[in-house]
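Structure first, then comments.
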């Protein structure tokens with residue numbers, strides 16, 4: 001009976017999977033918080049593991065190339081993988097069998113908080129060939145950076161037949177390769193990609209071999225990798241870099257509805273006097289109603305004064321619109337049902353962008369909350385207005401102020417405009433003047449007034465008398481886009 005009891009316990013333990021890792025360096029890898037460092041997986045070889053608590057995540061195994069180790073040459077992968085919602089494991093190894101042992105160690109049920117059925121291999125340099133061979137055996141997806149493939153591998157895959165089938169993955173593969181890589185020229189690598197049944201090849205203009213040396217204007221691979229990893233996952237998507245002016249990331253957050261789509265979309269631009277705020281400041285009250293109404297939305301950062309001037313901020317908004325339009329299929333949105341939404345300073349920005357049609361940044365609707373529409377009166381205005389002009393425009397002239405005043409560019413051809421305005425806001429009269437100019441021009445517009453409401457939609461929260469604007473926003477967008 002005792003032997004049967006011991007056997008029952010053993011079988012129960014086996015059914016529950018492997019024990020969690022009890023060793024390793026809790027200080028991690030000194031790069032990403034929450035990493036368990038130097039976990040021994042096989043013959044004294046170690047890996048770094050990022051598999052945080054919470055819902056189980058899909059997992060990526062990072063295979064470095066011919067130089068360095070698990071914490072060098074591949075470090076730029078850690079943040080995009082984390083942002084994509086992946087657990088990841090960066091390994092030291094000597095042979096392909098070592099990598100195979102690491103994968104078995106990682107996938108052992110119960111050891112790490114991961115979805116063991118979903119493994120992606122990421123190889124750089126010579127690590128790409130290792131990834132391809134293991135993926136061909138096991139059906140893993142692969143992402144490769146600067147793949148450096150041996151002549152034998154390239155020749156074997158070119159012959160077709162069983163040899164190629166043993167070496168080339170059938171699952172999806174994405175490859176990123178420098179266009180001026182003289183260590184591993186791109187042409188033969190792209191040819192290998194074309195032999196795979198499901199491979200996408202990204203040639204990075206001007207980039208050399210080592211992807212850690214690629215310049216900020218070559219970093220679009222980060223967004224492309226995250227999108228590839230996410231697949232068709234919907235919901236909130238944080239920290240998408242839509243531009244990198246001067247090497248600085250400009251980020252947007254996106255929320256994509258469930259369903260087939262394509263969905264109408266709203267690019268949300270925060271206010272803050274042209275000098276404060278970010279993509280979650282001031283405008284957060286509209287996120288939930290837009291999402292519940294099944295609109296895709298994109299809330300953006302843009303450069304702020306005094307580091308730039310208003311023309312640069314306008315260009316950032318245009319760039320964000322172009323990005324959403326260019327990636328409409330990726331985001332499941334309809335590029336011909338795109339709205340701009342802004343408040344206060346960004347109410348000015350979105351109205352001005354809509355007033356100046358430009359190639360690739362067309363929008364079909366504008367929502368402006370308590371915006372600024374006319375700078376031409378500011379030189380005679382209160383001290384705060386006069387003091388801001390140099391900050392906003394530098395060495396300005398009256399022509400400059402007219403150039404960037406939406407009131408001066410009203411035509412009947414403007415996209416439909418919804419104005420939302422509190423009557424206790426100091427900008428109330430300015431909005432009334434803009435609405436009157438829209439009326440005179442025969443432009444399509446609607447003005448919604450919130451009686452006694454102050455400046456700032458954040459200040460409207462908790463006041464039932466003003467909450468109706470959210471339903472009005474939804475109804476107007478739904479009607480404008482014929483979206484039911």
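The values are calculated or read from the model by the stated rules, or taken from the named source; none is laboratory data. Remember, it's a predicted structure, so these values are computed and weren't measured experimentally. Don't worry about glycine lacking a Cβ; one is built from the backbone with ideal geometry, like all the others, and counts go over all protein chains shown.
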Self-check item: Residue selected from the stretch 191-219 under the condition crowded, with 17+ Cβ neighbours inside 10 Å and out of contact with any helix residue (DSSP H, G or I) (no Cβ under 8 Å at 6 or more places or on another chain), by the criterion nearest to residue 72 (Cα to Cα)
Solution: 210
Exercise. Determine, yes or no, whether residue 291 is within 21 Å of residue 256 (Cβ to Cβ) and surrounded by fewer than 24 Cβ atoms within 10 Å (Cβ to Cβ).
Key: yes
Self-check item: Filter result for the condition that a residue is without any contact (Cβ under 8 Å) to a residue 12 or more places away in the chain and either closer than 22 Å to residue 176 by Cα or assigned to a loop (DSSP other than H, G, I, E, B) (or both), over 33, 80, 109
Solution: 33
Exercise. Identify the single condition in (1) more than 25 Å from residue 336 (Cβ to Cβ); (2) under 30 Å from the mean Cα position of the chain (by Cα); (3) at pLDDT below 95 that residue 483 does not satisfy, given that it satisfies every other one.
Key: (1)
Quiz item: Residues in the stretch 159-180: is at least one over 27 Å from the mean Cα position of the chain (by Cα) and under 27 Å from residue 37 (Cα atoms)?
Solution: no
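Per-residue answers, yes or no, for (1) in contact with a helix residue (DSSP H, G or I) (Cβ under 7 Å, 6 or more places away or on another chain); (2) closer than 14 Å to residue 58 by Cα; (3) at pLDDT 95 or above:
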residue: 97; (1), (2), (3): no, no, yes
residue: 109; (1), (2), (3): no, yes, no
residue: 116; (1), (2), (3): yes, yes, no
residue: 123; (1), (2), (3): yes, no, yes
residue: 129; (1), (2), (3): yes, no, yes
residue: 143; (1), (2), (3): yes, no, yes
residue: 150; (1), (2), (3): yes, no, yes
residue: 160; (1), (2), (3): no, no, no
Quiz prompt | Residues of the stretch 193-222 satisfying the condition of being touching a strand residue (DSSP E or B) at 6+ places or on another chain (Cβ under 8 Å), under 23 Å from residue 169 (Cα atoms) and part of a helix (DSSP H, G or I) | solution = 193, 194, 211, 221, 222
Self-check item: Pair list, Cβ < 7 Å and 6+ apart or interchain, from the stretch 162-190 residues that are without any contact (Cβ under 8 Å) to a residue 12 or more places away in the chain and assigned by TED's automatic domain parsing to the domain that holds residue 125 to residues that are surrounded by 16 or more Cβ atoms within 10 Å (Cβ to Cβ) and in a loop (DSSP other than H, G, I, E, B)
Solution: none
Practice problem: Quickly run through the stretch 294-324 and pick out the residues that are more than 30 Å from residue 391 (Cα to Cα) and crowded, with 20+ Cβ neighbours inside 10 Å. | Solution: 295, 296, 297
Self-check item: Residue match in the stretch 441-455 (condition: under 35 Å from the mean Cα position of the chain (by Cα), without any contact (Cβ under 8 Å) to a residue 40 or more places away in the chain and either more than 17 Å from residue 370 (Cβ to Cβ) or outside the structural domain of residue 385 (by TED's automatic domain parsing) (or both))
Solution: yes
Self-check item: Criterion (under 21 Å from residue 474 (Cβ atoms) and touching a helix residue (DSSP H, G or I) at 6+ places or on another chain (Cβ under 9 Å)) met by exactly one of 292, 318
Solution: 292
Quiz item: Restricting the search to the stretch 36-51, which residues are in a loop (DSSP other than H, G, I, E, B) and modelled with pLDDT of 95 or more?
Solution: 51
Practice problem: Working only within the stretch 145-161, note down all residues that are farther than 13 Å from residue 185 by Cα and in a loop (DSSP other than H, G, I, E, B). | Solution: 159, 160
Self-check item: Per-region count, the stretch 143-152, residues free of Cβ contacts under 8 Å to residues at least 60 places away in the same chain and within 14 Å of residue 65 (Cβ to Cβ)
Solution: 4
Quiz prompt | Criterion violated by residue 369 - all others in (1) under 25 Å from residue 441 (Cα atoms); (2) modelled with pLDDT under 95 satisfied | solution = (2)
Quiz prompt | Members of the stretch 52-69 found to be touching a strand residue (DSSP E or B) at 6+ places or on another chain (Cβ under 9 Å), closer than 15 Å to residue 210 by Cα and not in a strand (DSSP E or B), listed by number | solution = 64, 65, 69
Quiz item: Any residue in the stretch 233-251 that is surrounded by 17 or more Cβ atoms within 10 Å (Cβ to Cβ), part of a strand (DSSP E or B) and on the phi > 0 side of the Ramachandran plot?
Solution: yes
Quiz prompt | Index of the failed condition, residue 180 passing every other in (1) touching a helix residue (DSSP H, G or I) at 6+ places or on another chain (Cβ under 6 Å); (2) outside any helix (DSSP H, G or I) | solution = (1)
Practice problem: Among the residues of the stretch 376-399, write down those that are more than 16 Å from residue 275 (Cβ to Cβ) and either touching a residue at least 12 places away in the same chain (Cβ under 8 Å) or outside the structural domain of residue 274 (by TED's automatic domain parsing) (or both). | Solution: 376, 379, 398
Practice problem: Name the helices (runs of 4 or more DSSP H) wholly inside the stretch 322-419 in which the number of residues that are more than 30 Å from residue 296 (Cβ to Cβ) and out of contact with any strand residue (DSSP E or B) (no Cβ under 9 Å at 6 or more places or on another chain) is 2 or more. | Solution: 383-393, 398-403
Practice problem: Return yes when residue 259 is closer than 20 Å to residue 337 by Cα and modelled with pLDDT under 95 and no when it is not. | Solution: yes
